[in-house]
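Okay, structure first, notes after.
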Amino acid sequence: EANIDKLQLKLFDYPAANEGPIQLALNQHVVEVKRFRLVGEGTALELSGNVGLHDNRIALDASGDANLGILQAFYRDVRSSGNASLSAQVRGPLDQPTFAGNARIANGRIRYVSLPHSLQEINARLDFDAQGIRVVDAAAQLGGGPVKFGGRIGLNGFQIGAIDLTAIGEQMNLRYPEGFRSTIDAALTLRGVPTSLVLGGNVTVRDGVYDKRF
């Protein structure tokens, strides 16, 4: 058995520490997480369950809240904020686990640094199942217009697999490309795998102004 009274760590740029003692046990090749709770800025995560070292199987439950700013650590060209609440289970072989549960995003904001607009007021529910992550009731604002998202992100173990996402937006006022201002509707799809994604769909320009000399 192990009891850890004080743990301070940095998850990328975000400091975190334990709340209460961390309690672990090892018995018959099985690591049991009896108590594990981490807290940080906008983050409180609780972990429980066990990992079999002999049969390489995992059975863990995770729940709590997370700061969406942590996405910036994985994607350096992204700026993000907001909150996400998580309730998830991971079961099965370590190299091919199955996920279940859901996550909810509230008042999120994501911006790609090279674009003039950010995706704001993101509110969504993500459901986890054996096939991956399903996007449910996802809505946001882009350029003052509403955008709805749907589709699925496949999981291959802990890696992202096939992607099949949709986005439908209306009356979005954009300043892109440089010197061009427009009001558009769009119905887009993003399909493929992370190394080979294809963007498709239609964009309707309701109004456009080009204000550069030519």
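Taking only the Cα atoms of the stretch 35-90, the radius of gyration and Dmax are 13.9, 41 Å.
Apply the Debye scattering formula to the stretch 150-214, with a single equal point scatterer on each alpha-carbon and no solvent, then give log10 I(q)/I(0) at q = 0.16 Å⁻¹. Reported log10 I(q)/I(0), two decimals: -0.66. Give the separation of the Cα centroids, the stretch 115-130 to the stretch 176-214, in Å. Here the answer is 19 Å between Cα centres. Solvent-free Debye calculation, one equal scatterer per alpha-carbon of the stretch 1-82: log10 I(q)/I(0) at 0.13, 0.21, 0.23 Å⁻¹ equals -0.51, -0.99, -1.06. Per-residue ellipticity at 222 nm, computed for the chain from helices alone with -39500 (n - 2.57) per DSSP H run of at least four residues, works out to -500 deg cm²/dmol. The share of accessible area on the stretch 89-145 that comes from carbon and sulfur is 50 percent, using a 1.4 angstrom probe.
Counting only heavy atoms of the protein chains and using a 1.4 Å probe, residue 126 has close to 40 Å² of accessible surface. Relative contact order, whole percent, for the stretch 91-163 stands at 25, derived from Cα pairs under 8 Å and 6 or more residues apart. Using every Cα-Cα pair within the chain, state what percent have a distance larger than 23 Å. The share of Cα pairs beyond 23 Å in the chain comes to 58 percent. Against the empirical 2.2 N^0.38 Å (N residues), the stretch 88-202 has a Cα radius of gyration ratio of 1.20. In the stretch 122-152, which residues have a backbone nitrogen under 15 Å from the label point lying 7 Å from residue 189's Cα in the Cα-to-Cβ direction? What the label zone holds, given the 15 Å backbone N cut-off, is 150-152.
Protein heavy-atom accessible surface, 1.4 Å probe, per residue over the stretch 102-214: 64 Å².
The values are calculated or read from the model by the stated rules, or taken from the named source; none is laboratory data. Since the model is a prediction, treat every value here as computed from it, not as a measurement. Glycine gets a Cβ as well: all are built from the backbone with ideal geometry, and neighbour counts include every protein chain shown. To get the accessible areas, we keep the full protein, side chains included, count just its heavy atoms, and leave off ligands, DNA and RNA. Shrake-Rupley method; radii C 1.70, N 1.55, O 1.52, S 1.80 Å.
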